[in-house]
Amino acid sequence: MRAPFARDALAQRAQQAALLPEFRLCAFAPWREIIPLEMGARQPEPWANSRFMKACRLEPTDATPVWLMRQAGRYMKEYRDLRARVPFLDLCKDPGLVTELTVKAAKRLGVDAAIIFADLLLIAEPLGFKVEYDQGEGPSVRPALREPADLKRLREVNPEESLGYLFEAIRRTRAALDPETPLLGFTGAPFTLASYLIEGGGSRSYRHTKSLMYRDPGAWRFLMEHLARNVASYINAQVASGVQAVQIFDTWVGCLGPADYRQFVLPYTRMLIEGIAPGVPVIHFGVGTGMLLEAMREAGGHIIGLDSHVELGQAWARLDQGPGRRVGVQGNLDPTVLFARLPYIRERVNRILEQAGGRPGHIFNLGHGILPETPVDHVLALVDYVHELSRRGRGGGEK
């Protein structure tokens, strides 16, 4: 049965779909597939036939597309200089600075997609929580949601009223980017957001999260449905503002085993993904999720993001098994490899490309975000290696 909020959102989703002229929904597919418009339809946007968007549609590309999580981040001197002057959340809420960081990083690295500079927890404030970032300590979320009675504090989010600064940043960034470069939006998945709200920040054991989950399934269901509904609205507002694809980060879900994932997480991640405007490519990414890949595929997403703890070839073969839709994969170089010498980085890039075998649907990325001390020239080399080696593997030679 479709989630109740999805029925309420049908009109909104139809509006969102109208903003996406370059794709249509395949009405007969068991999963909402991204299908190019037929000849004679309205002229597609320049980014519609980019490497990245083709890979999302599982179409062949001349080279493997690559973008990097945290590609605008602390490893860049320009970012560190800016952060020395501007607190993190103030930076996230300044459309001009967000545009500058997002566009400069994409241009400097030569990646195949930009991702809007933002934070997973921006939506926590309109949900009714105070978010703070202590220097070097990560986020704190207050007051923590620990008891079923705390659920009454949850608010419904009006994205345009409470997060308009982000949507303005998206509009400006889309206008400033190369027209052929897709722009990604993103959000935390319901489980990861719930964990932050319940734990009050990061955690090693997720004791409070799991305690609520096991102790009061009704309260857990209420929380997760609330998050799925509001996050879907948040993502659709990003789409309406100008992003071409979205990544769902389930950063903390690797703390669960397969049975708990299927019972306590899968229905709500699926609810979120089903609430996203039709035709928008969805990358579904988790950390420590090697045992959850089949269930993540079931939850949804056109591309399944892989962390560095699985072999890409084996993971993709697992995702191919069973009935239903085909999916692509994203990943999955260990970020610490970028501290090695350049020949070794090239070797490791080639190893992953060989496992992908030039198959349509592979997007190269790291297994997680770029680490703060990473040498910039190694990141630049990585992007070049991906393009050069994958083009050569397709018979295109060097460019």
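The values are calculated or read from the model by the stated rules, or taken from the named source; none is laboratory data. Given the structure is predicted, the values throughout are model-derived calculations rather than measurements. Note that each Cβ is placed from the backbone with ideal geometry, even for glycine, and that neighbours are counted across all protein chains shown.
Pairing each residue of the range 107-119 that is in contact (Cβ under 8 Å) with a residue 24 or more places away in the chain with any residue that is of a type in the set (Lys, Arg), provided the two are 6+ apart or on different chains, yields C-beta distances under 8 Å for Asp112/Arg51.
Hey, does the range 331-347 have a residue that's of a type in the set (S, T, N, Q) and more than 17 Å from Leu389 (Cβ to Cβ)?
Checked the range 331-347: at least one residue is of a type in the set (S, T, N, Q) and more than 17 Å from Leu389 (Cβ to Cβ).
Yes or no, residue by residue, for (1) in contact with a His (Cβ under 7 Å, 6 or more places away or on another chain); (2) assigned to a helix (DSSP H, G or I); (3) farther than 30 Å from Phe117 by Cβ; (4) modelled with pLDDT of 95 or more:
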| residue | (1), (2), (3), (4) |
| --- | --- |
| Ser211 | no, yes, yes, yes |
| Tyr214 | no, yes, yes, yes |
| Trp220 | no, yes, yes, yes |
| Met224 | no, yes, no, yes |
| Val231 | no, yes, no, yes |
| Gln238 | no, yes, no, yes |
| Val243 | no, no, no, yes |
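In a residue-by-residue description of the range 99-107, the property of being touching a helix residue (DSSP H, G or I) at 6+ places or on another chain (Cβ under 6 Å), part of a loop (DSSP other than H, G, I, E, B) and not acidic (Asp, Glu) applies to no position.
Among the residues of the range 302-334, just one is polar (S, T, N, Q), within 20 Å of the chain's Cα centre (by Cα) and over 28 Å from Ala277 (Cα atoms), namely Ser308. The set of residues from the range 252-263 being surrounded by 22 or more Cβ atoms within 10 Å (Cβ to Cβ) and out of contact with any strand residue (DSSP E or B) (no Cβ under 6 Å at 6 or more places or on another chain) comprises Trp252, Leu256, Tyr261.
Inside the range 57-67, residues that are buried (at least 22 other Cβ atoms within 10 Å of the Cβ) and more than 14 Å from Thr181 (Cβ to Cβ) make up a count of 2. Might you let me know whether the range 222-240 holds any residue that is among the small types (Gly, Ala, Ser) and surrounded by 24 or more Cβ atoms within 10 Å (Cβ to Cβ)? Looking through the range 222-240, at least one residue is among the small types (Gly, Ala, Ser) and surrounded by 24 or more Cβ atoms within 10 Å (Cβ to Cβ). Go through the range 206-221 and count every residue that is under 24 Å from the mean Cα position of the chain (by Cα) and surrounded by fewer than 17 Cβ atoms within 10 Å (Cβ to Cβ). Qualifying residue count for the region: 1.
Scanning the range 275-322 for residues that are in contact with an Asp or Glu (Cβ under 8 Å, 6 or more places away or on another chain), assigned to a loop (DSSP other than H, G, I, E, B), closer than 22 Å to Leu333 by Cβ and free of Cβ contacts under 8 Å to residues at least 60 places away in the same chain returns Gly288, Thr289, Gly290. If the condition is being surrounded by 15 or more Cβ atoms within 10 Å (Cβ to Cβ) and either in contact with a Lys or Arg (Cβ under 8 Å, 6 or more places away or on another chain) or in a loop (DSSP other than H, G, I, E, B) (or both), then the range 133-164 contributes Val141, Ala144, Leu145, Arg146, Leu154, Val157, Leu163. Looking across the range 257-274, the residues that are over 13 Å from Glu225 (Cβ atoms) and either part of a helix (DSSP H, G or I) or in contact (Cβ under 8 Å) with a residue 40 or more places away in the chain (or both) come down to Pro258, Ala259, Asp260, Tyr261, Arg262, Gln263, Leu266, Ile273.
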